[in-house]
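The values are calculated or read from the model by the stated rules, or taken from the named source; none is laboratory data. Please read these numbers as outputs of a predicted model, since none were measured by experiment. Glycine also receives a Cβ, built like all others from the backbone with ideal geometry; neighbour counts cover every protein chain displayed.
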Amino acid sequence: MALQTDNLTVGYGNTPLIADIALHVRKGEIMTLIGANGSGKSTILKTISGYLQKLNGKIFFNGTDTDTISQKKKSEILSVMLTDRISTELMTCRDVVETGRYPYTGYFGILSADDRKAVDEAIRLVDMQNFAEKDFSQVSDGQKQRVMLAKAICQEPDILILDEPTSYLDIYHKIRFLEVVRQLADVRKTAVVISMHELDFAQKISDYTVGIKDGEITHYGRPCDIFTREIICELFSIPENLYTKYFSCSF
């Protein structure tokens with residue numbers, strides 16, 4: 001397993017939100033977390049990523065307890081793209097992408113020729129070549145999102161965590177974004193965990209899907225088993241008549 005949790009409890013302070021979380025993602029697999037706002041998707045991802053302290057249980061990267069892994073090693077294994085906006089001063093989009101190579105560059109952050117090649121390839125994959133030298137703070141939210149994916153790509157992680165990654169993208173770039181993520185899983189064998197609201201995209205990109213409601217993981221399985229009328233209505237508290245009215249075709 002690239003990523004595994006055992007009896008994990010997440011929350012804020014000393015207040016648990018979701019307990020007994022047992023997730024496992026193999027190399028090359030994409031797992032999506034779905035559920036209503038406030039259900040705990042982001043809290044799980046932030047805890048796995050180390051942004052929040054876990055309240056109980058274990059997290060394993062490549063079979064090793066993360067409590068025993070150095071911060072430098074974690075940064076080589078794991079790349080994270082959260083919804084929080086990052087602030088930069090006088091950094092171009094390329095500068096931001098280059099920070100994805102810092103786990104490998106040593107104390108002074110000097111990029112080698114191979115590092116620069118990885119940066120260029122990541123920028124090309126997300127279609128940001130024409131914006132690479134622009135001030136990161138001056139590009140659109142959608143372009144920022146693509147830059148942050150490029151940063152994650154050039155970090156070459158074993159595990160990629162994405163929290164609502166397509167929120168600011170138009171339909172074309174949503175599709176392009178998810179195609180790149182699928183390529184990372186299929187070609188580089190990256191293990192990917194994504195929280196998503198776009199159920200149609202989540203259904204198509206997932207190898208496995210986790211349904212979360214009211215502080216509990218209620219469903220886990222293949223997309224064909226999870227994306228049913230009954231389960232979607234249950235997870236999102238959608239009345240049957242509204243589901244029928246607003247979904248032109250059932251999952």
Discussion item. Closer than 30 Å to GLN143 by Cα and modelled with pLDDT of 95 or more: which single residue out of LEU3, LEU82 fits that description?
Written reply: LEU3
Worksheet item: If you scan segment 120-171, which residues turn out to be more than 30 Å from ILE44 (Cα to Cα) and either small (Gly, Ala, Ser) or assigned to a helix (DSSP H, G or I) (or both)?
Response: ASP120, GLU121, ARG124, GLN129, ASN130, PHE131, ALA132, GLN138
Item to complete: Can you work out which of the residues in segment 15-67 that are aliphatic (A, V, I, L, M) and more than 18 Å from the chain's Cα centre (by Cα) is nearest to ILE232 (Cα to Cα)?
Response: ILE18
Worksheet item: Among the candidates TYR220, TYR172, which residue alone is surrounded by fewer than 22 Cβ atoms within 10 Å (Cβ to Cβ), more than 15 Å from the chain's Cα centre (by Cα) and modelled with pLDDT under 95?
Response: TYR172
Worksheet item: If you take the residues of segment 34-78 that are touching an Asp or Glu at 6+ places or on another chain (Cβ under 8 Å) and among the polar types (S, T, N, Q), which of them is farthest from GLU98 (Cα to Cα)?
Response: SER39
Worksheet entry | Exclusive hit being modelled with pLDDT under 95 and surrounded by fewer than 21 Cβ atoms within 10 Å (Cβ to Cβ), set LEU149, LEU125 | LEU125
Practice prompt. Return the only residue of GLU29, GLU76 being on the phi < 0 side of the Ramachandran plot, in contact with a strand residue (DSSP E or B) (Cβ under 9 Å, 6 or more places away or on another chain) and of a type in the set (D, E, K, R).
Written response: GLU29
Discussion item. Given the criteria touching a Leu at 6+ places or on another chain (Cβ under 6 Å) and either without any contact (Cβ under 8 Å) to a residue 12 or more places away in the chain or not in a helix (DSSP H, G or I) (or both), does ILE110 qualify?
Written reply: no
Item to complete: Please find, among SER39, SER49, the residue that is among the small types (Gly, Ala, Ser), touching a residue at least 24 places away in the same chain (Cβ under 8 Å) and surrounded by fewer than 23 Cβ atoms within 10 Å (Cβ to Cβ).
Response: SER49
